[in-house]
Structure formats: C-alpha cells, structure tokens
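Everything below concerns the one structure shown next.
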Amino acid sequence: MQNCYLNAMQQNIDGESLKLANKGRPLAGIALSFLVATLIILSPEAQAKKVDGWLNWRGPLQTGVSLEKNLPDSLEPEGDSHLWSYPVKGGGAPVFADGRAYIFGYHEENDGKLVEETLLCLDADTGEKIWEYRSRDFLSDNIYNRYGIGSPCVDPETGNVYFMPTSGLAIAFDRDGNKLWEHSMLEEYWRLTFPNGRTGGPVVDGEYVIFRGITANWGTTGPPGDRFYGFDKITGELAWYSSPDIRPVDSSNSSPVFSDLDGRRVFVAGTGSGSIICSNARTGEPVWRATISQGGVNASILYYEDDKIIAIHGKENIDTTSKGRLVCYRIPTEYPSGDKPILLGEKDEVWRNDEHVSFSSSPVLHEDRVYSTIATGELLCVDAKTGGTLWSLKLAPDQLHASPLFADGKLYVPMHDGKAFVVKPHDDRGEILNEADMGAVCLAAPSAYDGKVYIQTKEALHCFGSEKGKFVGVKQPNVRIKDKTIADLQVLPAEFALKRGHSTEFTVWGLNSVGQRIKKLDNASWDSGSLQASFNGSTMTANGDAAYAAGMIKVTAGGVTKSVRGRIVPGANYTEDFSGFELTQKNHLGESVTFPPSPWLGARVKWSVIEREGEKVVTNVLDSVIKQRTMNFVGHQDLSDYTFSADVLTDGNRRIMSSIGLVNQRYLIALVGNWRILEVSSNHDRLKESVRFNVLPNTWYRLKTKIKDNGDGTGVVQAKAWIRDQPEPDAWTIEVPVDKLHPKGAPAIYALSPQAQKRVYIDNLKITPNN
C-alpha cells in the first residue's frame, strides 16, 4: 500500500473537448496540457470537503433514479439540447461532484497497439479537461479492448475519488488528481481477471471504500472466492475482508447497495456463484445469502419497501433449464444471531418473473414500478408488488450492459446497437419521445447532474440539457453512536506483507456491538505468533533474518483479542532450492509431496514440492483441468530493479509440452514449449514479443530475467535461456523495448499445461538487486 499525502507531480495528457460539426456554440475548449500539483503536507482532515452530486453510478437513491426536473426530451447529438462531447472511449457511467465529471474510460492510439485506461476529470458544464490519470494494463486476461467497463465513485465527506482499472489497482485521488494511496489487488490479494474486462466500480459508505473481485490469496482465503475488501477511505489500510459466498463459477461486477438492518450497516450484491449476498458493511461479516442462478449475478440489487429485495440475472436458473429471472425476496428485518450467513430459499420468494433475461443491465425502481432492459432488446415495466409485466417495448435487436435511468418522469435508455431512447412510461405502455443514434456502442448507464443527462459510448461522452441546472440529491443522514461499549476490535491493516527488516504500524479501533468505531486504543499488547518479528508499541518489525512465512499475530486491548493475517515475504535478496522441505504428504497420484512456501500467493493448491531424480523441486498440481494455468506471486509487490532467475523444465515429447516462465516487474517471460519460443508479454493484446528457441522436453534450462530502466520512463525487458549444464551466454536471448515501463511489480512463477497433461518443474529460484 502506498500512502501518499506528500503529493507528487501530476501529469495531464493533452486532450480536447469537441463540439460536433455545424453547431452554433463554440468549442468547449482545449484543456491545459500539463498541471503540476503543489507539494503540500496536509492531514486527511485538513483536506476534507463535503460534496454533493451523482457520486456513484446508481445515483443518490442507489436505484438508477434521479430527482431532478426539467431534463431534456431529446438526446440528438446534433440537436438543440446537445451541449458538448468529449472523445474518450468507455463502458461505464460518469459520476459527478461539485461541478466536476469523473469518467473511467480508455484511449486507443497507434492503430490500437497502444491502449491506456484513464480516470478523466472534466468540467461538467463545459467539457474542458481539468486533469487525467492514465494506467496501462498488465498481466490480465482482457481481450478485444474490453476496457473502461466500470465507474469511479466519490466520497461525500472529502470529495476524494476512487477507481479500479482492469489491472486491479485500487487507487484513491483527491479532487485535484493527486494520488493518495494505491493497492495492487492482483499482487497483494491475487485478484483474478477475466476476458470480459468488467471491473465494475468501488463504493463508499461511512469510513470505508469497498472494492471487490474474485481472489485466490493464501490460508483461509487461498481457495478462489468472490470477496469484498473494505479499506479505510482516508489511509488506504485494509480494515476488513469478506468471503460471504461459496466458490464462484463466474465473475460478477454487481455493485454493493447499502441499507440499515437492526442498527447495523449492511450491503447487498450479486456474486459469481449465482447468489445474492448480504454482509455487514462495517466488519464484512456475512449476514444472509440466496442462490438464484447457475452463473454470476452482475446486476445491482434493488431494495424494495422495508423487507424486500429485487434481483435480476441472465444465466440458467437453479430450478429450471431456462435462463433469466426477475425475482423478489422477503429478507430479514432483524440482524440474525447464531451461525451466519442464514440461507434464504424458495419459501422466501414473494414473486418471480421468468420473462427477464438480463446479463449485466441493472433494473431501476421508481415508486412501484421496475424498469429493465433485457437481452432481446426490450424495455419492460413490471409491477413491483406482484411481479407481473405491465408492458414491453422493443427498442433494439439486443442488449448487454447498459442500464436505464429514470429522471423527470422519463426513462433514458441507451442500447447496445448505439441507439439511445427517451421513453415516457404510462401505466399500460411506453411512449418513445426521442430516438437518437449516438454513433457508437452504448454500454454505460446514463447519469443526471445539474440539469443535464450524460451518455457515455465506446467513442465519446455526450452531454445534453440545459446550461443552467441544479442538482437535486438526498440529505446524508447523521450517524449517531448510542452504544459506546467496546465489544470488538478492528485492526488496520487487517492483512500485511513485510520484507525482512521492514516495519508496519498498526491502528487498533474499538468497535461497539453494531460495528461502529468508538475510539482508537493505544495501549494494546501484541503477540507475533509464529512470525519472527518484534513490536515497539504498535509497530511491528520483521527480523532481519526472519523465516519467510505466513501466519497470524494477536492483539489484545480492552479485554478483547483479535487476530490479524500476515506474511513475511522475499525482497530483492532471495534464494530457494527446496532442499529443506520434508515430503510428508501424498498427492492424488500417491507421490510424496508437501506444500510450497507458505507466503506464495494462491500457491498451496497449485504447486507441490516433489522429488525428481533425487532433487527436490516444485511442480504444478494437475489434478483438474481448471488448474492447467497458474501464476503465483512469490515476493513483495513493491519490488523494482531486480534480476529473477530459476531452473525450469517441462515434461512432454515433441508433440506436446507445457509453458513455463517467470514474472519480473509485471512482465511475463516464458518458454513456450509447443511453439518453441521465448516470449515476453504482459497483457497479450498489448505486449507480446518472441524469438525462436528450441525448447526440448525433459531438459533443464536456466531462465534469467531483468528489467532495464532507462530513467526516462522507458525501459527494456531482457531475458536469456540456456541449457542448465552449459555456460551462461553473454548476450540476452531477447530484448523488448517498452515505451512506458511498469516501475515496480512482484516476482511470480508461471505454468501453462494444456489440458493438464504435462507437468513443469522449477528449482533454484534466485532474486538479486540490479547493480
């Protein structure tokens, strides 16, 4: 985690806000090319400024409904209501605060060879650029430029902005674009990525900003799980994590929706296992769960009345072979005691409607009407009390992500084919007031702010409405603390990774029985458990010669004890030959094995230490086809300027072999057996270069990797491979220039065994600093 209130220079990249041709109004203007932030030291409290606006993509009611009036009846790009357009590709809704628009999108240059995701800040009235942060993808499975499918969010108390690009960086900015803190969810918690590129977006509630994703971390969170991570929104320290569901079969980008339950703050969301879950928003404790489909639930959930939720999905149902359903459940009105989560089932259903197949478009709720677009391109209106369909309106051949917006008595409905509609809903029909061609695919929900409606397409952000408007929001409730008795502890960070000789400082909060923070506790006692470390007050320092390990530490304060997870991980001086491992277990083939080093992320079920020809090595576990590919981080996420090498071997024959490689500073260098090449990649669609290399099966090679930083933001990925028993060659086997180098990244090992047929083996890992 990087906590940076010493704000560094913030570079803006030139951009232009364009009016469409033949318009009478002037260009919105060209933004400043570069902004340099003033170097300041401010406490988080000094920077705080309360804001109001369309702070997350679902709006102030969390239902896709705006309270504004006098919004446009037309969305024609060349019509009278059009104010400006800004060229940025995207698939998520913009958010707004204090006259500023924040957009998660991407730029594509050099005939698509260069793609950078962006968090873009514009003047909401004029479209002029204020600042921009660009980020390049790395080590993801994203394909076909499926970028920018998500939204940022804004904290109402400080105006800070949070977003997560495809690479899984959880980042906080102040309103002026200065980076406050950052986590690499991939390298710290082993967040998985998927070809669909859907990242969703973070949400803020109270003291926390919540990011989500499927992770395969270590220990109890080692098996893949659809998890929620609650970070302190000011410091960026992890406060809690939640695993509220069974193992996922799919990804999900359903946004958490908040409510109060018996004095506790809770949220509901869809998950990758096909469930709707409810968790405590202050502690992460699972509360209840209802399984509704065989695949991921991507749409946001609707709270209805005081004791119901409404959800939609587009995958196969759990009780029939048909796909898709809109369903209403009666939910608990008291916080459950005893074992949690409690399971809701068919007995808790209020109604169901099987006419709805919606994969990722979220419904909106206004009064007693639910409006939803479905996969076949219809807009449907449903009675929220009975679940009956009141009317259907065909708008397009199909529909994918985009959700409707209800505002000013109208529905604003973008469709996948690039058409956008303004529809006036009646009791028995929908009346089309305007149909407009936006000129590009629409994946994002519209947003409403200050008398304007904003439509994001895969080519531009468009603004329609009045130059004079006023945002109408809802008053944030004052949170009162009635019970000041400490019943539990919250330790920040709730999970840590330390290099030898390095320190981390903990903060201990006393919580009351409903999870509210009461006060910081300074006189805590600490126990490092099996981790070789010492404490000075609340600061933990790993011993200079500490064993690399994973375990729990304990803290006691106010008569309450809490455990915290942590790892002591390799830095830039690391060797591992596995000779000290005792083979005390049997694998699925009856071979003697043991687990790999415990600090390796997600490796416990993917790798085993085994003996091969009298030598202890690590090999990939191939007891399931789902394990045919794996990449697992073995060191600290902040490492840079290091050389990473290892002995590598693939089983096989001349017809089939596996791929085996090392990750160095977010670049994968792999011997691809079946193609007989040495390949350098990051995201395969963004960077992939190779040279011929005659990989032989059952032959030990030495693979050596290094990232050369040129000092000007560019660099070179260097690698060489040779038969282990032969002298090291002087020249690099491959050198790949990079025009924007990833400045840091955790080392990892990689294997791809097609159809889980041929093992790979690794030995004699070595990480050394570059001199």
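The values are calculated or read from the model by the stated rules, or taken from the named source; none is laboratory data. Everything quoted here is computed from the prediction, not taken from an experiment. Note that each Cβ is placed from the backbone with ideal geometry, even for glycine, and that neighbours are counted across all protein chains shown.
Observations on the model:
- Residue within the range 536-552 that is in contact (Cβ under 8 Å) with a residue 24 or more places away in the chain, hydrophobic (A, V, I, L, M, F, W, C), in contact with a Pro (Cβ under 9 Å, 6 or more places away or on another chain) and part of a strand (DSSP E or B) present: yes
- For the range 42-62, a tally of residues being modelled with pLDDT of 95 or more and either crowded, with 23+ Cβ neighbours inside 10 Å or polar (S, T, N, Q) (or both) returns 8.
- Any hit, the range 261-274, residues being of a type in the set (Val, Ile, Thr), in contact with an Asp or Glu (Cβ under 8 Å, 6 or more places away or on another chain) and over 24 Å from THR630 (Cα atoms): yes
- Verdict on ILE518 being part of a loop (DSSP other than H, G, I, E, B), among the hydrophobic types (A, V, I, L, M, F, W, C) and touching a residue at least 24 places away in the same chain (Cβ under 8 Å): no
- Residue that is surrounded by the fewest Cβ atoms within 10 Å (Cβ to Cβ), among those in the range 687-717 that are free of Cβ contacts under 8 Å to residues at least 24 places away in the same chain and within 22 Å of TYR761 (Cα to Cα): ASN694
- Any chance LYS482 is assigned to a loop (DSSP other than H, G, I, E, B), outside the structural domain of PHE633 (by TED's automatic domain parsing) and of a type outside the set (Gly, Ala, Ser): yes
- Inside the range 409-434, residues that are in a loop (DSSP other than H, G, I, E, B) and either at pLDDT below 95 or farther than 24 Å from GLY91 by Cα (or both) make up a count of 5.
- Filtering the range 230-270 to residues that are in contact with a Leu (Cβ under 6 Å, 6 or more places away or on another chain) and under 13 Å from ILE214 (Cβ atoms) leaves nothing.
- For the range 524-531, the condition holds for at least one residue, the condition being that it is over 30 Å from VAL266 (Cβ atoms), of a type outside the set (Asp, Glu) and either touching a helix residue (DSSP H, G or I) at 6+ places or on another chain (Cβ under 8 Å) or in a strand (DSSP E or B) (or both).
- Residue among SER300, SER322 that is of a type in the set (Ser, Thr, Tyr), out of contact with any helix residue (DSSP H, G or I) (no Cβ under 6 Å at 6 or more places or on another chain) and crowded, with 19+ Cβ neighbours inside 10 Å: SER300
- Inter-residue pairs, beta-carbon under 8 Å, first loosely packed, with under 10 Cβ neighbours inside 10 Å and in the range 724-745, second in a strand (DSSP E or B) and among the basic types (Lys, Arg), 6+ apart: ALA731/LYS720
- Any chance VAL203 is surrounded by fewer than 24 Cβ atoms within 10 Å (Cβ to Cβ), modelled with pLDDT of 95 or more and among the aliphatic types (A, V, I, L, M): no
- Residue in the range 496-505 that is out of contact with any helix residue (DSSP H, G or I) (no Cβ under 9 Å at 6 or more places or on another chain), over 30 Å from TRP190 (Cβ atoms), surrounded by fewer than 20 Cβ atoms within 10 Å (Cβ to Cβ) and of a type outside the set (A, V, I, L, M, F, W, C) present: no
- Taking the range 200-214 as the range and being assigned to a strand (DSSP E or B) and without any contact (Cβ under 8 Å) to a residue 60 or more places away in the chain as the test, the residues that pass are GLY200, VAL209, PHE211, ARG212, GLY213, ILE214.
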